[in-house]
Each structure stands twice: as structure tokens, then as C-alpha cells.
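Trainee: So that we are looking at the same thing, I have put the structure below in C-alpha cells.
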Amino acid sequence: MQPASSGDIPRQIETTPPVNVETFASHVTLTWTSLGLSQFVDIADRVDVVPADSTPIVDATNAAGRRRLPLTEIDTTTAATKYVRFEPDCPWTLAWERRTTPVVSLCGSPSPTVCQQAHIITTTENLDARDGWNTVETAAGWTRETYETLLSVLGA
């Protein structure tokens, strides 16, 4: 990853909700507020680079410590699950954390497409299908300009 110089990198990408940007020498961290956990867990069915048979790392109040769980065993109906992190065979990780408002973080060297799709899936209500990205992109504020800003942030 070769991001633009730190003076050129915006601290926020104006989507709905905004994507906050932190850049480091070796990686970038992108964060945004999210809808519920069930929508985040569904990402494995919607973004090709997160395998549907993933066993993400989960932290929940109903068990001691973090552990790997199959997607079907993650409690998405109560507030027990506090943290879920996907670690696909890619140069990035994707996590959801329960805070006052849930937050998604994408860390490492993700592709612009992964970032955009992860943002849309975790923030757009009633997302019915994987196709039709153009319609949802507009709804989530992904204009050509915001996508180009993301490209510059990721050095793509």
C-alpha cells in the first residue's frame, strides 16, 4: 500500500454515515457507525473475500475470553456479543464492536471495493441482494467523488 502523503489524506470520507480515516506507516484504519450485529455477520454472504464458512473471533459476555465461532453460533439477537472480527486470507481485518453506537473497523490494506461494499452492507437497511450496487451506492452517499477520495486514501 502506498497511500498519499499524510498532508493529502482526508480524515473523513463524506458518505452516509461518514468513514473516518486513520493512516499509519504500514496500514490504514477506516471506521464508521453501523447497524446491528446481524447485518455485520451477513457480510460473509455478500462480500466474496469473506468466506461464508468463516469462523470469526468473537467476544461475548456469556463466555470467558475471545474465541472463534462459526457464523451460525454468533448470538445476534441479544446484547451478549460485544465484538466480532473477520480475519480472511487478505491483507486486512474487518471488525464490529458494540459501543453506544456500533462501530465497524476495516484495518490493513483493503481494496477500495471491499471498503465500499463493507460500508454499504453494514449501513444500508433492507439491502436485498448483492447486485444493484449502483442503487445502494447512491443511497449510502458513494458518489464518484467519495469513491475517488477513498482511492487516494488507499493509494490505489
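Trainee: Which number in (1) at pLDDT 90 or above; (2) within 18 Å of Thr31 (Cβ to Cβ); (3) of a type outside the set (A, V, I, L, M) marks the one condition that Gly141 misses?
Mentor: Against the list (1) at pLDDT 90 or above; (2) within 18 Å of Thr31 (Cβ to Cβ); (3) of a type outside the set (A, V, I, L, M), Gly141 comes up short only on (1).
Trainee: Another question, then. Which residues, taken from region 38-71, are hydrophobic (A, V, I, L, M, F, W, C) and farther than 18 Å from Ala118 by Cα?
Mentor: Val58, Ala60, Ala63, Ala64, Leu69
Trainee: Give the residue that is nearest to Ala60 (Cα to Cα), with candidates limited to residues of region 82-97 that are open to solvent by 20 Å² or more (accessible area, probe 1.4 Å) and touching a Gly at 6+ places or on another chain (Cβ under 8 Å).
Mentor: Thr93
Trainee: Quick one: which residue in Thr122, Thr100, Thr135, Thr146 is at pLDDT 85 or above, polar (S, T, N, Q) and open to solvent by 80 Å² or more (accessible area, probe 1.4 Å)?
Mentor: Selected residue: Thr100, the only one of Thr122, Thr100, Thr135, Thr146 that is at pLDDT 85 or above, polar (S, T, N, Q) and open to solvent by 80 Å² or more (accessible area, probe 1.4 Å).
Trainee: Could I ask something else about it? Can you find even one residue in region 43-64 that is at pLDDT 90 or above, farther than 19 Å from Ile120 by Cβ and open to solvent by 50 Å² or more (accessible area, probe 1.4 Å)?
Mentor: Within region 43-64 (the criterion being at pLDDT 90 or above, farther than 19 Å from Ile120 by Cβ and open to solvent by 50 Å² or more (accessible area, probe 1.4 Å)), the answer is yes, since at least one residue qualifies.
Trainee: Restricting the search to region 65-81, which residues are surrounded by fewer than 16 Cβ atoms within 10 Å (Cβ to Cβ), touching a Lys or Arg at 6+ places or on another chain (Cβ under 9 Å) and not in a loop (DSSP other than H, G, I, E, B)?
Mentor: Arg66
Trainee: Additional query: Search region 1-20 for residues being modelled with pLDDT under 85 and hydrophobic (A, V, I, L, M, F, W, C), and hand back the single one that is most open to solvent (accessible area, probe 1.4 Å).
Mentor: Out of the qualifying residues, it is Met1.
Trainee: Somewhere in region 22-37, is a residue at pLDDT 90 or above, surrounded by 12 or more Cβ atoms within 10 Å (Cβ to Cβ) and assigned to a loop (DSSP other than H, G, I, E, B)?
Mentor: yes
The values are calculated or read from the model by the stated rules, or taken from the named source; none is laboratory data. Because the structure is a prediction, the values reported are computed rather than measured. Ideal geometry is used to build each Cβ from the backbone, glycine not excepted, and the neighbour counts take in all protein chains shown. Surface areas here come from the heavy atoms of the whole protein model, side chains and all, with no ligands, DNA or RNA. Shrake-Rupley method; radii C 1.70, N 1.55, O 1.52, S 1.80 Å.
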